[in-house]
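A short write-up of the structure that comes next.
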Amino acid sequence: MALHRTNGELFTERRSIDDAVFNSFEKSDHGSRVLRRGRKFGRITKHKLSRWIFLLTALLSILLTVYGLKMFFQAKMESKFSTIPHSIQEERNLQENIVVSDDGKTSKENIVVSDDGKTSKENIVVSDDGKMSKGKRRKHFPCEVGLLESVDGLVEPKNYTNFTWFSLEYVDREDRTSKIDLFEPRFGGHQTLEERETSFYAKNQTLHCGFVKGPPGHPSTGFDINEKDKAYMYRCKVAVSSCIFGSSDFLRRPTSRLMSQYSKDNVCFVMFLDDQTLSKLSSEGSSPDEKGYIGLWKIVVVKNLPYEDMRRTGKVPKFLSHRLFPNSRYSIWLDSKMRLNSDPMLIIEYFLWRRKAEYAISNHYDRHNVWEEVLQNKRLNKYNHTAIDEQFNFYQSDGLPKVDPSKPNDPLPSYVPEGSFIIRAHTPMSNLFSCLWFNEVDRFTSRDQLSFAYTYLKLRRMNPERPFQLYMFKDCERRALVKLFRHRALPSLPETA
C-alpha cells in the first residue's frame with residue numbers, strides 16, 4: 001500500500017480504522033456513556049485542581065505575612081533592648097558585681113562596667129538629676145563605697161554622740177473617750193490632729209508610736225511576740241532586721257562569708273515572719289534549726305498582725321526598731337527583696353560615724369519630687385487614688401514644697417527616698433522621726449515614700465534650733481552593699497484605704 005506524505009498525517013489504512021472505531025462508538029449507547037463520563041471527569045478534575053491551587057496560594061500568603069510581622073517585631077524589640085548585656089554571663093557579672101579582667105580573672109569589687117565593656121572605678125551611674133533621652137533604658141549600677149577593710153580596731157568616735165537630747169515616752173494604752181462612743185482599739189492608737197501637731201516638737205513628751213493597747217478586757221491590738229523572743233531582742237545592742245508577711249517573698253540570707261566574726265557574735269540578725277510565711281518557707285525546705293535560726297537570721301514569729309494590709313504591717317519593724325529593740329544603739333533595716341553582702345559594723349562606721357549622722361537613707365533611683373511619686377503610684381495603681389489625693393492635698397496645704405536639684409541649699413538632694421535600706425542610730429531625734437513617719441503611714445496611705453519628705457521638712461521647720469542629722473546617700477551605694485532580687489510573684493490588686 002502506498003503512503004501519503006509524512007508531515008504528521010496518519011497512514012491511509014490507520015486513518016480508516018480510527019474513523020470506523022469512533023463511528024461505532026457514536027452509534028452505540030455504551031460509547032455514548034463513555035464519552036459523557038470522560039467529559040464529566042474532566043470538568044470535576046479541573047474544578048478540584050483550581051480549588052487546591054487557591055487554598056495553597058492563600059496559605060502561602062498567610063505564612064509570608066506572619067513571617068514578615070515576626071521579623072518586624074523582632075527587629076523592633078532588638079532595637080529597644082540594645083542596651084541589655086549581650087551575653088548571659090555578662091548579665092550575671094553585673095548582678096553579682098563581678099568584673100572580668102583582660103586576663104580572665106574575676107574580681108568582686110564594686111566596679112561599674114560601661115557599655116563598651118571597659119571597667120572603671122569611677123561612678124559612671126546615670127546622675128540622680130540627669131535626664132535620659134526617650135527610647136533609652138535607664139541603667140542603675142553599684143558604685144564604689146569606701147568601707148574599711150576590716151572591723152579590727154573599730155571604735156565608736158568619742159564625739160559621735162553629740163546630738164540633740166530629750167526624753168521620749170510612748171502612749172501605751174488608750175481608754176474610751178465616752179460611754180457612747182463606738183471605741184475600737186487600734187495598734188496605732190487614735191491620735192488627734194492636735195496631738196499630731198504637737199508631737200513634731202523635739203522636746204520631752206509622750207507620743208503615739210505604735211503598740212497602743214486598748215482598755216482592760218479588750219483583745220490585743222496586734223504584733224504579738226512571745227516572751228522568749230522578746231528577751232532575746234532586749235539584749236541586742238546592734239540589730240539588723242527584715243520581715244516577710246503574707247508569704248510575699250523568699251528568704252534571703254546574709255552572705256555569711258562577708259560578715260566578720262565580730263558581727264556574727266555581737267549583731268542580732270532578726271527576721272520577722274508570720275505563721276503563713278513560716279509554713280510556706282518550711283514547705284520549700286527553709287525551716288529554723290533547734291535554736292530558731294535559718295542561716296544568720298534569728299526567726300521571730302509574729303502573731304495577730306495589726307493590719308490587713310501586709311505592706312502597712314511591714315512598716316512596724318521597718319520604722320519602730322527602737323521599740324522592738326529598746327536597748328539597741330544602732331539598727332539596720334533592709335527589705336526582704338535584698339541580701340546583705342556587707343558587714344553591718346562597717347556600714348554603721350561609713351554612713352553614721354564617718355558622716356556624723358544619726359539617720360541614713362538613700363535617694364530614689366529615678367524620682368525626686370513627691371509630685372512625681374504621686375503620679376507614679378496612681379499610674380501603677382499602687383494604692384487607692386482618692387486616698388493618695390487626700391494625703392497629698394493635706395501635705396500641700398501644710399507647705400510641702402517641690403525639690404529643686406539645682407539649688408545647693410535644698411535641705412535634701414531628693415524628696416523621694418529608696419526606703420528599702422535604712423541605717424539608724426537610736427538617738428532621740430532619730431526615734432522621734434521614726435515615730436512621726438510611722439504615724440503618717442498609720443493615718444494615711446502605706447506608701448511611705450509619699451510621707452517621707454513632709455515628715456522630715458516639718459520636723460526640721462518646727463525645730464530650727466535642734467537639728468536632725470539625716471544623711472541621704474546615693475542609690476548606687478545602696479546597690480553596692482546588697483544583692484537585689486525580685487519579689488515573689490503573687491497576684492495583687494490596688495490597695496484600699
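The values are calculated or read from the model by the stated rules, or taken from the named source; none is laboratory data. Predicted, not measured: the structure shown is a model, and the values here were computed from it. Because the Cβ atoms are built from the backbone with ideal geometry, glycine has one as well, and the counts that use them run over all protein chains shown. Each accessible area value is taken on the protein alone, full model and side chains, heavy atoms only, with ligands, DNA and RNA left out. Shrake-Rupley method; radii C 1.70, N 1.55, O 1.52, S 1.80 Å.
Quick look at the numbers
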| quantity | calculated |
| --- | --- |
| Total residues in segment 227-265, condition hydrophobic (A, V, I, L, M, F, W, C), within 22 Å of Asp335 (Cβ to Cβ) and not in a strand (DSSP E or B) | 7 |
| Yes/no for Ile294 being in contact with a Gly (Cβ under 7 Å, 6 or more places away or on another chain) and either modelled with pLDDT under 95 or among the β-branched types (Val, Ile, Thr) (or both) | no |
| Pick from segment 270-326, criterion more than 15 Å from Gly210 (Cα to Cα) and of a type in the set (Gly, Ala, Ser), ranking: most open to solvent (accessible area, probe 1.4 Å) | Ser283 |
| Breaking point among (1) within 20 Å of Phe473 (Cβ to Cβ); (2) modelled with pLDDT under 90, for Leu147 | (2) |
| Selection count where residues are open to solvent by 20 Å² or more (accessible area, probe 1.4 Å) and not in a loop (DSSP other than H, G, I, E, B), scope segment 443-456 | 2 |
| Count of segment 266-278 residues which are part of a helix (DSSP H, G or I) and touching a residue at least 24 places away in the same chain (Cβ under 8 Å) | 4 |
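Condition check ((1) more than 28 Å from Arg252 (Cα to Cα); (2) surrounded by fewer than 21 Cβ atoms within 10 Å (Cβ to Cβ); (3) aliphatic (A, V, I, L, M); (4) out of contact with any strand residue (DSSP E or B) (no Cβ under 9 Å at 6 or more places or on another chain)) across all residues:
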site: Arg339; (1), (2), (3), (4): no, yes, no, no
site: Ile348; (1), (2), (3), (4): no, no, yes, no
site: Glu358; (1), (2), (3), (4): no, no, no, no
site: Ile361; (1), (2), (3), (4): no, no, yes, no
site: Tyr365; (1), (2), (3), (4): no, yes, no, no
site: Asn369; (1), (2), (3), (4): yes, yes, no, yes
site: Glu372; (1), (2), (3), (4): yes, yes, no, yes
